[in-house]
Number of protein chains: 2
Amino acid sequence: MSGEIPALLGMAFHAVMEEVHVRLAEEGFDDVRPAHGFAFQYLSVRGGATAVELGEHLGVTKQAAVQLVDELERRGYVERRPHPTDRRARVVVLAARGWACVERVVALWAETERRWAALVGAERLTALRDDLSAFVTAAGSPPIRPLW
Amino acid sequence: MSGEIPALLGMAFHAVMEEVHVRLAEEGFDDVRPAHGFAFQYLSVRGGATAVELGEHLGVTKQAAVQLVDELERRGYVERRPHPTDRRARVVVLAARGWACVERVVALWAETERRWAALVGAERLTALRDDLSAFVTAAGSPPIRPLW
DNA sequence: AGATGTAGTCAAGTAGCTTGACCAAACAGG
DNA sequence: CCTGTTTGGTCAAGCTACTTGACTACATCT
């Protein structure tokens, strides 16, 4: 049957994210939504960002970004620090709880990959990763938004 | 790097859906949202459904489902017919415009697969499809929700 | 026939965004 | 320098796609 791969991609992706969501909730991270994860990932690789930068990355307005940061700060996932050179701006960085959450997601993803390797073999899984990389690269990887 | 496959799945899926969305809009289907596509797929394989059934399948309340059907009916994607045996119920079926949209999505997905086959080869693509199927089956394919 | 369940409706509330107006700090050019 | 423009963040109001809750009419079970 031709044309079913996109559907399978969606279902596989959804299955991973659903499981991660459930497992995180069991471990106490019961208040994280998809958009939060995408923000965490951005903050973890950049080390910090202003609300405006975060909004651009997430593809939402700065007002929405600020609101998201407010919520994450209230829940202890991020902290706001004064910007070193710009007195208007504040830098958002991951707090301990935010880092802990990121680490759990990384571990759960790795666990999923191990299960998948057991199902289809390490070589097939490597091929799958390479192929997906090729597709994403070919697509130009515009606004990535994994949108878990 | 271990654990990156889930991210690649998300990015690849997002890339397909983004392109389909843009192409559909160019072809006049500029008023379809992700949830609509999922409803179309359900209606096309079942041949019809009540608003309540549709809501259960989409994972939303019946009120939300009715609202969605109202909108799709107004835009000519679906029709409501009296239920043959239950005078309370009405059956929602795809209208011509709905079928046309479904056909375009199927064609665009097939086109994407051909492009991917050109990138990595037909055998690799077949392997990828089989492997994704295995993952989805292993996950138990709970509420599928491709959620484009 | 009566009790219970179900399809759909009506009404009100909510979450997560949006647009628009604004202020204060930053910055670029004469 | 000052002066005009850009930019980070805030305040306020509105919108959309949902939600919960109460209700009606028909269906179904006993």
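Take the residues in region A:101-131 that are of a type outside the set (Ser, Thr, Tyr) and touching a residue at least 60 places away in the same chain (Cβ under 8 Å), then tell me which one is nearest to DNA strand C (Cβ to nearest atom). So that I can check it myself, show each step before the final result.
Taking region A:101-131 as the starting set, the residues that turn out to be of a type outside the set (Ser, Thr, Tyr) are A:101-111, A:113-125, A:127-131.
Cutting the leftovers down to touching a residue at least 60 places away in the same chain (Cβ under 8 Å) gives us A:101-102, A:104-105, A:108-109.
On the way: A:CYS101: 16, A:VAL102: 19, A:ARG104: 20, A:VAL105: 18, A:LEU108: 22, A:TRP109: 23 Å.
Result: A:CYS101.
Rundown of residues vs (1) farther than 16 Å from B:SER2 by Cα; (2) within 15 Å of DNA strand C (Cβ to nearest atom); (3) at pLDDT 95 or above; (4) open to solvent by 70 Å² or more (accessible area, probe 1.4 Å), yes/no style:
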residue	(1), (2), (3), (4)
A:GLU56	yes, yes, yes, yes
A:GLN67	yes, yes, yes, yes
A:ALA89	yes, yes, yes, no
A:SER133	no, no, yes, no
A:GLY140	yes, no, no, no
A:PRO146	yes, yes, no, no
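Being under 18 Å from B:MET11 (Cα atoms), open to solvent by 10 Å² or more (accessible area, probe 1.4 Å), of a type in the set (A, V, I, L, M, F, W, C) and modelled with pLDDT under 95, is that true of even one residue in region A:27-36? Taking every residue of region A:27-36 in turn, at least one turns out to be under 18 Å from B:MET11 (Cα atoms), open to solvent by 10 Å² or more (accessible area, probe 1.4 Å), of a type in the set (A, V, I, L, M, F, W, C) and modelled with pLDDT under 95.
The values are calculated or read from the model by the stated rules, or taken from the named source; none is laboratory data. Please read all numbers here as calculations on a predicted model, not as lab measurements. Quick reminder, even Gly has a Cβ in these numbers, built from the backbone with ideal geometry, and neighbours come from all protein chains shown. Quick note on the areas: whole protein, heavy atoms, side chains included, nothing else; ligands and nucleic acids left out. Shrake-Rupley method; radii C 1.70, N 1.55, O 1.52, S 1.80 Å.
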